[in-house]
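The values are calculated or read from the model by the stated rules, or taken from the named source; none is laboratory data. The shown structure was predicted, so the numbers you read here are calculated from the model rather than taken from an experiment. Using ideal geometry, Cβ is built from the backbone for each residue, glycine included, and neighbour counts are taken over all protein chains shown.
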Amino acid sequence: MTNHWVDIKNTDLVLIMGGNAAEAHPCGFKWVTEAKAHRKARLVVVDPRFTRSAAVSDYYAPIRAGSDIAFLGGVINYLLTHDKIHHEYVKNYTDSSFLVKDEFSFENGLFSGYDPEKRSYDRSSWGYQIGEDGYARVDPTLQHPRCVFQLMKAHYSRYTPEMVSTVCGTPQAAFLKVCETIAETSAADKTMTIMYALGWTQHSVGSQMIRTGAMVQLLLGNIGAPGGGMNALRGHSNIQGLTDLGLLSDLLPGYLTLPRDAEQNFGAYIDKRASKPLRPGQLSYWQNYNKFHVSLMKAWFGDAASAENNWCYDWLPKMDKGYDLLQVFEDMGQGKVNGYVCQGFNPLGSAPCKVKVSNSLSKLKFLVIVDPLATETSEFWQNHGEYNDVDPTKIQTEVFRLPSTCFAEEDGSLINSGRWMQWHWKGAEPPGDAKGDQEIMAGIFLRIRALYQKEGGAFPDPILNLTWKHKVPSSPAPEELAREFSGKALKDVTDPKDPTRVLVKAGEQLNGFGELRDDGSTSCGCWIFSGAWSEKGNLMARRDNADPFGIGQTLNWAFAWPANRRILYNRASCDPSGKPYDPARKLIAWDAGAGKWTGADVPDFVADSAPENGMNPFIMNPEGVARFFAVDKMAEGPFPEHYEPFETPLAANPLSPGNPMVRSSPAARVFKDDWATFGKADKFPFVATTYRLTEHFHFWTKHARLNAITQPEQFVEIGEELAKAKGIKAGDHVRVKSNRGHIVAVAVVTKRIMSLNVNGKRTHTVGIPLHWGFMGLAKNGYLTNTLTPFVGDGNTQTPEFKAFLVDVEKV
Amino acid sequence: MQVTRRQFFRICAAGVGSSSLAALGFAPGEALAEVRTFKLAQATETRNTCPYCSVGCGLLMYSLGDKSKNTETAIFHIEGDPDHPVNRGTLCPKGAALVDFVRSPNRLKHPEYRAPGSKEWKRISWDDAFDRIARLLKDDRDKNFIATNDKGETVNRWLTTGVLAASAASNETGYVTHKVVRSMGILGFDNQARV
């Protein structure tokens, strides 16, 4: 979230799309209710189903699963053609005035630079025109035909209300009603918040759906404002933290990135990431990349990391390609992976296409499960009848199942969606011989290190030199690890303006990432967390819920990264002269007397940079402003374009009907054998989408008795129209089939799933909750990923769980 | 001071000042019939965070046992933390049932091993599990580690073993896991944020 849960109370309008907060995040959703009750805020829900969020909304519009870019592109077109944008914000705080290279083009559904063989783009034409002074060229009048504003206007002019209705199935009147409501927040003193979740991420064009939402918010001037923002309602309790800590194939902690093979030169690796400003007077904070990187390497490799060996640069693995979950299961299926460790992860249920996942796991030599519960993955080799019909004698994988503690049995911190790092405390011992995850990692690692010490082996240096300064090496304490990622001074850290002034003494915890250095004098395991544990103590454990400004920022509750800042880009809540756009909701403002930015939040800005200096609010971007034009950052192109899901009821993409190459995303990676597994509309005519129920959390709560009682048995939801056509009554058992497998479940026949007119054809949706499996206290059921296709988003490789094709029949 | 049971209760009902009479030793000679106090009043309260979704609701966990060395703590009740700025004491149907997760009969209690082709688990010790896993990992790494690619560029990666980390695990677990995994050169590494 750019903002956070409590801040939702400051909004005028809530758009829930690609999520269902009332059901999946009930205690956070209460802040929507708060805004409705106390600010007269309205709630608009756009969803394929009339969800629990829709049930308490002021307005609901139905949409076909997977068509959100078409809808939001239509909103952009509406805002531009009706002149309902926040002009001052768009002109000053976005790249709308930047001129784009002449070579950039968009034609017939494709951007310039496409290579159909590689299914990817040469992105070199996707950039700004750079002037002789080295800065991007701009036209502040926004009239130049190559400026971002004009290109964007032209691009989305195709997304007419008629086109939106054709693609999305949303009745035109409903679409226009949503547009009108959203457009009201273009007023400088009105804000809208967008709340989304996996309903946007789990598509082959999921990242671009989210971008389109962000573009709408930028046009309205709603990013940085209290009650505004793009608010990802993350799934798991610490999925934010694990993302921040970079536990993804291509990342390092704090959104630093692993090098590619060709990046053999350390200086060039840093320079590429330490972007210089693209406009005069801009901060471009990533210029400090080297400080973050060197401090990380000092945290990991201690004295072994020195300027002479480029801070152990060669010790980091380099990537020839991405090794995301889908790539790894593809490789595993081809017999290229021997070992796999699942720490609190149940891929048999949560990776797409169960049959492929199961076959892949069966090719492993060994599998290590670390979990508090008996997961399906831990028994992928066991025959569980129709729900897991395998022959154990034919599966030669050695499997270890190690019991770990759960939340109640450990100390530590979790990061919620609002980036709050909250400490929690142990309340009981774990059952039996279960051990904490840190102890288990240490148990494995220290034995491997001992083997390398004894026997030698392949490149042992990083293993032998990994810092491990724990009182009890076999059980690193959470406090020790938290202090390590927060960071400390290895030598005295002095003030760059006055080298005689010591800011932090050697050995002390740092106050924040502003104190990080690139000369090896600081160590910090995750720069964005820096200051979470300073000499003041563990700030994550703070429990003062005072809200002195009455605007819900509670700065002394826990610690929010970065720098305890609660709302990102909050400089943009003020006009260029530093005055809040809405004085009644003042977050920060320029205090000319004091010569600094002050207010209810930690300013997301250089604290003493006066407005007249012309520094812009988006300090992480080299432009200093937010981007409508994503330059070369996105796989599919700089402007989001609607592409159909890989399994679609449509024969062509209505936006580019003549080009079969762009029916679905031309830039999504599809493995060779998976093309044949995609189903077609003649055999699988219905759109399916998966989701969670409020009583359950993935495959986890079916092990808890009360949850197993409240939702005991697997069901699917179908609309009345489809039920009638298929002769299905409520309570019947139905078989739902995709081209990859089938599930059997009880049919819930409901008005909540409407049939829509899409591209002139009646289109039905099947809703599939995902909680059941063959382990647990609830009645056994089918893992729903039995049905889902093995394809992911072109940027993130997040699987397309939210839109695919099925057939339904009565059993 | 002699009081009957009935008089005693009347004095107690008059307020805290009177009930301190009992503390001074003026208790009635007979056994007391007393309304049982709330179990929560004697419980140890521990603050925690809900492990399910990302709202991060504050929890109060109540356990018997005072965490001293010779007692076993057992959590018997979990409720929302009223001081927490986000959830203000509320919990959803998942959070409200958390005690059933902590005490689920499906909690794993001992390290187990399933041999190739076997139909069953066998209990093993932690030491045996760690030793065997370390051996398997090291042998695979030594055999398949790629120090340089075809072009002779230094790449130092290990692709034949992968790791999935847990996005319900703490930052501290995540941090130490990342450190260990990258030190070995593993690239096939993700958490639930990928899906």
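When you scan the stretch A:396-407, do you find a residue that is touching a Leu at 6+ places or on another chain (Cβ under 8 Å) and farther than 19 Å from residue B:107 by Cβ, even just one? Yes: one or more hits. When residues of the stretch A:487-515 are filtered for being under 36 Å from the mean Cα position of the chain (by Cα) and among the β-branched types (Val, Ile, Thr), how many remain? Total satisfying the criteria: 2. Taking the criterion of being farther than 15 Å from residue A:648 by Cα and over 18 Å from the mean Cα position of the chain (by Cα), the residues of the stretch A:783-811 that qualify are A:783, A:784, A:785, A:786, A:808, A:809, A:810, A:811. In the stretch A:210-265, the qualifying residues are those that are without any contact (Cβ under 8 Å) to a residue 12 or more places away in the chain and of a type in the set (Val, Ile, Thr), and the one that is surrounded by the fewest Cβ atoms within 10 Å (Cβ to Cβ) is A:243. Of A:701, A:710, which residue is free of Cβ contacts under 8 Å to residues at least 40 places away in the same chain, at the interface with chain B (Cβ under 9 Å from one of its Cβ atoms), at negative phi and not acidic (Asp, Glu)? It is A:710. For beta carbons closer than 8 Å, sequence separation of 6+ or different chains, a first residue in the stretch B:53-73 that is at the interface with chain A (Cβ under 8 Å from one of its Cβ atoms) and of a type in the set (D, E, K, R) and a second that is surrounded by fewer than 21 Cβ atoms within 10 Å (Cβ to Cβ) and not in a strand (DSSP E or B), the qualifying pairs are B:72/A:429; B:72/B:65.
Where strands (runs of 3 or more DSSP E) sit wholly within the stretch A:351-432, those with at least 3 residues that are within 25 Å of the chain's Cα centre (by Cα) occupy A:412-415, A:420-424. Residue-level check: of (1) modelled with pLDDT of 95 or more; (2) farther than 17 Å from residue A:420 by Cα; (3) not hydroxyl-bearing (Ser, Thr, Tyr), residue A:559 misses just (2).
Okay, residues lined up against (1) in the same structural domain as residue B:56 (by TED's automatic domain parsing); (2) in a loop (DSSP other than H, G, I, E, B); (3) modelled with pLDDT under 95; (4) more than 30 Å from residue A:254 (Cβ to Cβ):
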site	(1), (2), (3), (4)
B:116	no, yes, no, yes
B:127	no, no, no, yes
B:156	no, no, no, no
B:163	no, no, no, no
B:169	no, yes, no, no
B:178	no, no, no, no
B:182	no, no, no, no
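Per the listing B:106, B:191, the residue uniquely touching a residue at least 24 places away in the same chain (Cβ under 8 Å), within 30 Å of the chain's Cα centre (by Cα) and at negative phi is B:191.
Being more than 7 Å from chain B (Cβ to nearest Cβ) and not acidic (Asp, Glu) is the filter here, so list the residues in the stretch A:396-420 that pass it.
Step one: of the stretch A:396-420, the residues more than 7 Å from chain B (Cβ to nearest Cβ) are A:404-405, A:409, A:411, A:418-419.
Result: A:404, A:405, A:418, A:419.
May I ask you to verify whether residue B:132 is under 31 Å from the mean Cα position of the chain (by Cα), of a type in the set (Lys, Arg), under 30 Å from residue A:701 (Cβ atoms) and more than 7 Å from chain A (Cβ to nearest Cβ)? Judged against the criteria, residue B:132 is not a match. Taking the stretch B:74-87 as the range and being at the interface with chain A (Cβ under 8 Å from one of its Cβ atoms) and in a loop (DSSP other than H, G, I, E, B) as the test, the residues that pass are B:83, B:84, B:85, B:86, B:87.
Checking each residue in the stretch B:160-181 for being within 7 Å of chain A (Cβ to nearest Cβ) and over 22 Å from the mean Cα position of the chain (by Cα) picks out B:160, B:161, B:162, B:163, B:179, B:180. Inside the stretch A:300-326, can you point out the residues that are closer than 25 Å to residue B:176 by Cβ and either among the basic types (Lys, Arg) or within 8 Å of chain B (Cβ to nearest Cβ) (or both)? Answer for the stretch A:300-326, where residues must be closer than 25 Å to residue B:176 by Cβ and either among the basic types (Lys, Arg) or within 8 Å of chain B (Cβ to nearest Cβ) (or both): A:300, A:314, A:315, A:316, A:317, A:318, A:319, A:323, A:324, A:325. Go through (1) closer than 30 Å to residue A:754 by Cβ; (2) of a type in the set (Val, Ile, Thr); (3) surrounded by 17 or more Cβ atoms within 10 Å (Cβ to Cβ) for residue A:81 and report which single condition fails. Among (1) closer than 30 Å to residue A:754 by Cβ; (2) of a type in the set (Val, Ile, Thr); (3) surrounded by 17 or more Cβ atoms within 10 Å (Cβ to Cβ), residue A:81 violates only (3). The residue that is surrounded by the fewest Cβ atoms within 10 Å (Cβ to Cβ), among those in the stretch A:109-134 that are over 30 Å from the mean Cα position of the chain (by Cα) and either of a type in the set (D, E, K, R) or within 15 Å of residue A:666 (Cβ to Cβ) (or both), is A:132.
Close contacts from the stretch A:151-180, counting a first residue that is at pLDDT below 95 and a second that is polar (S, T, N, Q), with Cβ to Cβ under 8 Å and a gap of 6+ residues or different chains, come to none at all.
Among residues belonging to the stretch B:96-114 that are more than 7 Å from every other protein chain (Cβ to nearest Cβ) and not in a loop (DSSP other than H, G, I, E, B), point out the one that is farthest from residue A:394 (Cα to Cα). Talk me through it step by step, then tell me what you get.
So the first thing to find is which residues in the stretch B:96-114 are more than 7 Å from every other protein chain (Cβ to nearest Cβ), and the list is B:96, B:98-99, B:103, B:105.
Of the ones still in play, those that are also not in a loop (DSSP other than H, G, I, E, B) are B:96, B:98-99.
Details: B:96: 42, B:98: 38, B:99: 39 Å.
Per the stated criteria, the residue is B:96.
Taking each residue of the stretch A:421-432 that is in contact (Cβ under 8 Å) with a residue 24 or more places away in the chain and looking for partners that are in a loop (DSSP other than H, G, I, E, B) and among the charged types (D, E, K, R) with beta-carbon atoms closer than 8 Å, six or more apart or interchain, yields A:423/A:411; A:431/B:109; A:432/B:109. Considering only the stretch A:43-50, I want to know if a residue exists there that is part of a strand (DSSP E or B), more than 30 Å from residue B:84 (Cβ to Cβ) and touching a residue at least 24 places away in the same chain (Cβ under 8 Å). Yes: one or more hits. All of (1) more than 7 Å from chain A (Cβ to nearest Cβ); (2) crowded, with 20+ Cβ neighbours inside 10 Å; (3) not small (Gly, Ala, Ser) hold for residue B:141 with one exception: (1). Looking only at residues of the stretch A:706-750 that are over 31 Å from the mean Cα position of the chain (by Cα) and in a helix (DSSP H, G or I), we find that the one that is surrounded by the most Cβ atoms within 10 Å (Cβ to Cβ) is A:723.
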